[in-house]
Ligand SMILES: Cc1cc2nc3c(=O)[nH]c(=O)nc-3n(C[C@H](O)[C@H](O)[C@H](O)COP(=O)(O)O)c2cc1C
């Protein structure tokens, strides 16, 4: 069992995570995996109440369940099983079973974020339905929904709203510092760390890379912003985010830690299925997390103008995705795109076997 669990976890940690923070570690006892969150891994401003990390954990848990089927094992998940251990996200019991290997298994190590410009080609109804079917498989139909918008005008409005947060990030001293703290500029350093946000995965051209480097210094960023940098970045990203087949949102009924795990599980199945269908996928979620921070009563980091801007732009998403009383756990774009030039690397799983 020990070797099998090592294999399962080595595949599972290919899950996405905010800024490639990989906020997990594992303890294993016999056939039980205890999955722990590392709460300091991700951006402390936008990862409000660990919600971003829990989406990553949802992806990780879904990957464990999928990988387990390859070894005729079924993963039984218990979320947040011990109130006293708040970093213990899940207890996963692996039971012998005659399950068939999950059809998404081959894509566990192929899934990745694609930040390139997407082609202006829509998905077919069959493709859209195949992606929506994946959500049903996690058995939480009343907890998670998936919505796509492929109307060009609406995509433009959503792209503009999604990118509005980037203007704020580049003008906000703390968010600016957190953004650049996680950037890894050298391929060699990234190969060693296998964690964090490698500049190559941002798919910048030479000019963009140079300007981004200049803006990494706060004093220079102030000057560049006076020349219009933050506004220009948001404008360019608006175009990028509305490029592609559709923009999408994963909707949950309310802000609970479990619902964010369900959202992550749903996101991972949709993303793996997208990979199987040859579709590129790019989470674009900072606006949703900034808004969550404000409504959770921790909006202290934003001034009034920034707060208004975040809330009004989230409202655009809320209205166009027709969210009603629910909330957007995360948003993304999906479509056909050229292959990425660099992929995020992942650290070996940190596993402690206990007797
Ligand atoms: C909760 C969550 C939020 C994310 N938000 C963004 C985002 O706003 N912009 C972005 O470019 N990537 C975003 N990502 C993608 C991560 O940066 C990416 O998963 C990570 O760098 C690892 O790369 P990979 O997906 O290729 O494995 C998000 C991922 C997760 C799980």
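Read-outs throughout are calculated quantities, based only on the coordinates presented, and are distinct from any laboratory measurement. Here the structure is a predicted model, which means the values were calculated and not measured. Here the Cβ positions follow ideal geometry from the backbone for every residue, glycine too, while neighbour counts run over all protein chains shown.
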- Pairing the Cα long axis of helix 257-276 with the longest principal axis of the chain, what angle in degrees results, from 0 to 90 and rounded to the nearest 10? 90 degrees
- Item | For 242, 164, order by how many other beta-carbon atoms lie within 10 Å, fewest first | 164, 242
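Kindly state, to the nearest 0.05, the FRET efficiency for residue 216 paired with residue 304, given R0 = 25 Å and r defined as their beta-carbon distance. Intermediate values should be presented prior to the final figure.
On the way: r = 28 Å, r/R0 = 1.11.
It comes to 0.35.
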- Cβ-derived FRET efficiency at R0 45 Å, residue 311 paired with residue 132, nearest 0.05: 0.95
- the stretch 89-122-the stretch 198-237 distance, computed between alpha-carbon centres (Å): 33 Å
- Query: Stretch residue 124-residue 255 to full length: gain in nm at 0.36 nm per residue minus the Cα-Cα span?
  - Reply: 43.9 nm
- Cα-based helix-to-principal-axis angle, 229-242 vs the chain, degrees rounded to 10: 50 degrees
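Starting with the highest mean, order 320-326, 276-282 by the number of other Cβ atoms within 10 Å, averaged over the residues of each peptide.
Descending mean neighbour count gives 276-282, 320-326.
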- Message: Given the -39500 (n - 2.57) contribution per DSSP H run of 4+ residues, what per-residue ellipticity at 222 nm results for the chain, rounded to the nearest 500 deg cm²/dmol?
- Response: -14500 deg cm²/dmol
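Gain in length, residue 342 to residue 117, computed as 0.36 nm per residue apart minus the alpha-carbon separation, to one decimal in nm?
In short, 79.5 nm is gained.
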- Could you compute the FRET efficiency for residue 181 and residue 98, with r as their C-beta to C-beta distance and R0 at 41 Å, rounded to 0.05? 0.30
- Fully extended, how many nm does the chain gain between residue 206 and residue 2 (0.36 nm per residue separation, minus their Cα-Cα distance)? 68.8 nm
- Task: Just need log10 I(q)/I(0) for the chain at q = 0.12, 0.16 Å⁻¹, Debye formula, equal scatterers on the alpha-carbon atoms, no solvent, rounded to two decimals.
- Result: -0.87, -1.58
